[in-house]
Amino acid sequence: MNHFKPFILFYCLFFYVAHAIAYPSIYNIDKQQKNIRSLLAKDPKLAEKLAKQVLKDSEELGIDSLIAKSKYLYGIACYYQSKFKLSAQLYEQALKSDYAQQNDIFRGALWNNLGINYEFNLLYQEALRAYYESLRISEKQADSSSMAMSWINIGLLHYKIGDTVKSNQLFHDAQTYFEQKRDTANLALCEQNLAIGARDRGDFVQFKRYSLRAVEFFHILGYLQDEMGIYCDLAENSPTAKEITEYYNHARALNESTQDSAINTRLEIIEGDLHLRKGHYTAAQALYLKARDELLIRGDKQRANDLLVKLAEVNARSGDFDNFAAYMERARQQNSRLFQETNNENIAKLKLWYETDKKEEKIAHQAALISFQSKLKWFWMALALAFALATAYIGMLNSKYKKANRYLFNLNKEQILLTDMVAKPQEASEESTNAIEQRRMKKLFQQIATFIQQPENLTNPHFGVAEVAQALHTNEKYVSQAVNQIGGMNFNKLLNSYRINSAKKMLLDPTYLHLSVEQIADRCGFGNPNTFYIRFKDFTGLTPRKFRNMHLK
């Protein structure tokens with residue numbers, strides 16, 4: 001085993017280096033994920049590209065938590081690129097991970113983001129289900145802040161699908177929570193959403209109350225844009241000229257410092273409405289036309305077309321029915337064209353989604369193929385190197401083995417040439433003090449050795465210590481004692497040594513080349529070929545066949 005240690009160590013080192021080159025580290029992936037988060041708002045396209053690569057790297061590592069987080073991050077990057085369908089698919093895949101099942105906070109974030117993407121894809125029921133899953137997890141975690149945000153999301157969606165009762169209930173729940181927490185920003189958002197619901201119900205009293213509370217909070221926060229927007233909403237929906245004028249003046253005063261073009265356009269329309277109420281048709285028409293031009297420049301075609309109806313109303317009130325009819329026809333044509341354009345845009349968007357999905361599938365397939373080919377290349381390179389190293393190492397061991405075998409062969413050959421006597425009498429031990437007994441034992445041992453080497457005895461597989469004792473007119477105990485004391489081995493080993501020596505002669509003698517190893521074993525007194533193989537290997541270190549082949553070479 002020690003011979004293989006250098007080979008094993010080198011092999012492990014090679015695979016470690018190959019793995020380090022072929023696969024990214026966990027540290028690098030974590031670092032990349034942080035970079036992507038910082039790029040989302042600045043350069044969403046680059047963030048998406050990096051997120052896709054990080055997901056690929058995570059999948060190569062095969063770590064469940066890294067893959068789930070990478071899919072979540074890639075989903076956010078796709079959302080910033082308005083790829084809502086792909087973003088939703090990534091969140092769905094991440095939700096199936098073991099990491100998401102074990103981490104409630106991560107799973108809640110996935111459900112919430114999935115709901116937003118479903119909503120953009122107009123899958124309202126699926127969006128509601130996702131939001132409610134997120135809310136359920138927030139309730140389990142007792143995370144009141146996440147619960148309140150879920151109430152707002154669910155409330156807005158219920159409002160969108162026409163369930164105003166449920167929507168108001170959720171907004172009120174969120175409002176109560178944010179009041180307790182003194183969260184002014186989210187409280188302002190709740191008030192604004194409640195105002196929109198009241199406006200659409202035609203409840204101007206509640207609309208006014210919620211709107212003014214939202215204005216108050218936005219003013220505290222210093223959110224001037226939101227404050228002006230709500231004053232414009234109040235002016236556009238107030239029933240009396242006095243209230244319209246009041247809110248109009250508030251919005252205009254606030255806009256003096258910012259000169260926001262969108263607010264200016266809304267103020268021109270409100271001012272036009274006031275002139276229309278007062279019967280100042282020329283002034284109203286001039287303001288409507290100016291506002292319409294500004295809306296067309298900004299690409300707001302729907303609101304620009306709505307002003308055609310207002311212009312038609314101006315002409316109807318002033319008694320110019322020809323222009324009234326002309327404006328109404330223009331409004332009809334523009335609305336028809338806008339509907340067609342919107343429809344075409346939706347179809348184009350669906351086609352783009354479909355083509356993007358197909359493209360993503362193709363790219364994913366190609367990426368998987370490239371990754372597989374890269375891994376296969378490294379595998380074959382590693383296998384080729386391992387094979388080369390193994391071949392070299394085995395060759396080295398084989399060379400050593402051959403040298404060792406040649407040494408054993410020569411040693412055994414020399415033993416045959418030097419003497420036919422394998423077991424020689426040893427010197428008397430220090431413990432033996434009876435010289436006569438020693439001489440008697442030596443003489444007996446020589447008689448035993450001579451008797452054993454007689455061909456009829458050596459080739460008899462049933463020959464044993466009993467036959468020797470009987471032939472030499474002694475007992476088995478004395479025979480065994482002489483062999484042990486003088487030969488330094490037991491009787492069977494002595495007998496086998498003579499038989500193996502005889503077998504070695506026959507294997508080297510060309511006269512017996514026609515005999516098989518098994519036949520030679522039989523002629524040397526081994527009734528069982530397996531026993532012969534074992535004893536021959538024990539005495540010589542080589543197998544009989546190897547011994548003969550080395551001589552022939």
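For this structure, a couple of remarks:
- Yes/no for Y231 being in contact with a His (Cβ under 6 Å, 6 or more places away or on another chain) and modelled with pLDDT of 85 or more: yes
- The set of residues in region 507-547 being over 16 Å from P461 (Cβ atoms), among the hydroxyl-bearing types (S, T, Y) and in a helix (DSSP H, G or I) consists of T511, Y512, T540.
- Helices (runs of 4 or more DSSP H) wholly inside region 234-345 that include at least 2 residues being small (G, A, S) and within 28 Å of Q192 (Cα to Cα): 241-255, 261-278
- The residues of region 114-152 that are out of contact with any Ser or Thr (no Cβ under 6 Å at 6 or more places or on another chain), under 21 Å from A185 (Cα atoms) and part of a helix (DSSP H, G or I), listed by number, are I116, S144, S145, A148, M149, W151, I152.
- Members of region 511-553 that are among the hydroxyl-bearing types (S, T, Y) and closer than 14 Å to N496 by Cα: T531, Y533, T540
- Residue count, region 249-266 (criterion: closer than 24 Å to L189 by Cβ, in contact with a helix residue (DSSP H, G or I) (Cβ under 6 Å, 6 or more places away or on another chain) and in contact (Cβ under 8 Å) with a residue 24 or more places away in the chain): 4
- Applying the criterion of being out of contact with any helix residue (DSSP H, G or I) (no Cβ under 6 Å at 6 or more places or on another chain) and in contact (Cβ under 8 Å) with a residue 24 or more places away in the chain to the residues of region 291-305, the residue that is farthest from R277 (Cα to Cα) is R298.
- If you go through region 45-76 and keep only what is out of contact with any Ser or Thr (no Cβ under 6 Å at 6 or more places or on another chain), among the small types (G, A, S) and either in contact (Cβ under 8 Å) with a residue 12 or more places away in the chain or surrounded by 20 or more Cβ atoms within 10 Å (Cβ to Cβ) (or both), you end up with A47, A51, S65.
- Residues that are touching a helix residue (DSSP H, G or I) at 6+ places or on another chain (Cβ under 6 Å) and without any contact (Cβ under 8 Å) to a residue 24 or more places away in the chain were ranked within region 111-130; the one that is surrounded by the fewest Cβ atoms within 10 Å (Cβ to Cβ) is E126.
- Given (1) closer than 28 Å to L444 by Cβ; (2) assigned to a helix (DSSP H, G or I); (3) out of contact with any Pro (no Cβ under 6 Å at 6 or more places or on another chain), number of the condition P461 does not satisfy: (2)
- The combined condition, being surrounded by 20 or more Cβ atoms within 10 Å (Cβ to Cβ), closer than 17 Å to I452 by Cβ and assigned by TED's automatic domain parsing to the domain that holds Q453, is not fulfilled by N490.
- Selection count, region 213-236, where residues are over 16 Å from C190 (Cα atoms) and surrounded by fewer than 18 Cβ atoms within 10 Å (Cβ to Cβ): 4
- Filter result for I500 (touching a Phe, Trp or Tyr at 6+ places or on another chain (Cβ under 6 Å), surrounded by 15 or more Cβ atoms within 10 Å (Cβ to Cβ) and β-branched (V, I, T)): yes
- Checklist (1) surrounded by fewer than 24 Cβ atoms within 10 Å (Cβ to Cβ); (2) touching a Gly at 6+ places or on another chain (Cβ under 7 Å); (3) not hydroxyl-bearing (S, T, Y) applied to Q81, failing item: (2)
- Any chance Y210 is more than 44 Å from the chain's Cα centre (by Cα) and either assigned to a helix (DSSP H, G or I) or surrounded by 19 or more Cβ atoms within 10 Å (Cβ to Cβ) (or both): yes
- Residue identified as free of Cβ contacts under 8 Å to residues at least 40 places away in the same chain, over 38 Å from the mean Cα position of the chain (by Cα) and crowded, with 16+ Cβ neighbours inside 10 Å among Y177, Y99: Y177
- Every residue from region 131-165 that is basic (K, R) and in contact (Cβ under 8 Å) with a residue 12 or more places away in the chain: K140, K160
- Residue within region 101-121 that is more than 21 Å from S138 (Cβ to Cβ) and out of contact with any Leu (no Cβ under 9 Å at 6 or more places or on another chain) present: yes
The values are calculated or read from the model by the stated rules, or taken from the named source; none is laboratory data. A quick note: this is a predicted structure, and the numbers were derived from the prediction, not measured. All Cβ positions, glycine included, derive from the backbone under ideal geometry; neighbour counts span all protein chains shown.
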